[in-house]
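One structure is given below, encoded as structure tokens.
The values are calculated or read from the model by the stated rules, or taken from the named source; none is laboratory data. Note that the coordinates shown come from a computational prediction; the quantities given were computed from them, not determined experimentally. The accessibility values were calculated without ligands, DNA or RNA, using every heavy atom of the protein model including side chains. Shrake-Rupley method; radii C 1.70, N 1.55, O 1.52, S 1.80 Å.
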Amino acid sequence: MSALPDSGQKRPSRAARLVVSLERRADRPWFLPAVSIFPLSDYVLPFLPNQMLLLGLSVVLPRRWWQLALAFVLATGLGALLTAFAIQEWGQPLLERLFGGGPESRTVAEVMTAIERYGLVALVGLAMLPWPPRTAVIVCAIAGLSVISIGVAVAAGRIVPAAAYTLIGARAPGLLRGWRRIDDLLTEIDAVRPVAVVRKSS
């Protein structure tokens, strides 16, 4: 009996297929660098499913949860550093090309107020949110803050969410089923994995 999915079934999401593809290559020496490309690119490619990718990988590779968290933290910090450097070097033309002219002025004003009041501590706090602090990095870069300080602050802030995502995924994946989007992802991964095994062994 074939383990291939019925042609009438819904095609698995890009995130699910990516998780299974990376899982099959987890023993390769370039696995973690390959995973790091996604959070590294998060500042210019915001449509990448990075949070879902991190959760999915921690579920299928529970013993490597801390390596996955560390890779995401370092890559996100490096991405912030490179983004800040590029903005300080090429300025407005780069913002218009990559971000359509930059974030909304109201958002910039709110972030600028927080940065002026609390300094890089505000950036650390913003980096602890589930999404990458793109606007905060742009504002800090425009304000002329050290790119190294920006990268370190973002990396420091991402430690908590990255570790939380991977630890929950590795130790208590059942808790994630309470969120419909994550439950859908895990269901798709379970459906794709037997197909991947069959294709690999054939």
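Tabulated values for the structure
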{"read-out": "Accessible surface ranking that places the most exposed of Glu116, Glu23 first, with a 1.4 angstrom probe", "value": "Glu116, Glu23"}
{"read-out": "Coordinate range along principal axes, alpha carbons of segment 109-201, Å, largest first", "value": "55, 28, 22"}
{"read-out": "Largest to smallest accessible area among Thr113, Thr135 [probe 1.4 Å]", "value": "Thr113, Thr135"}
{"read-out": "Candidate residues Tyr165, Tyr118: accessible-area rank, largest first, probe 1.4 Å", "value": "Tyr118, Tyr165"}
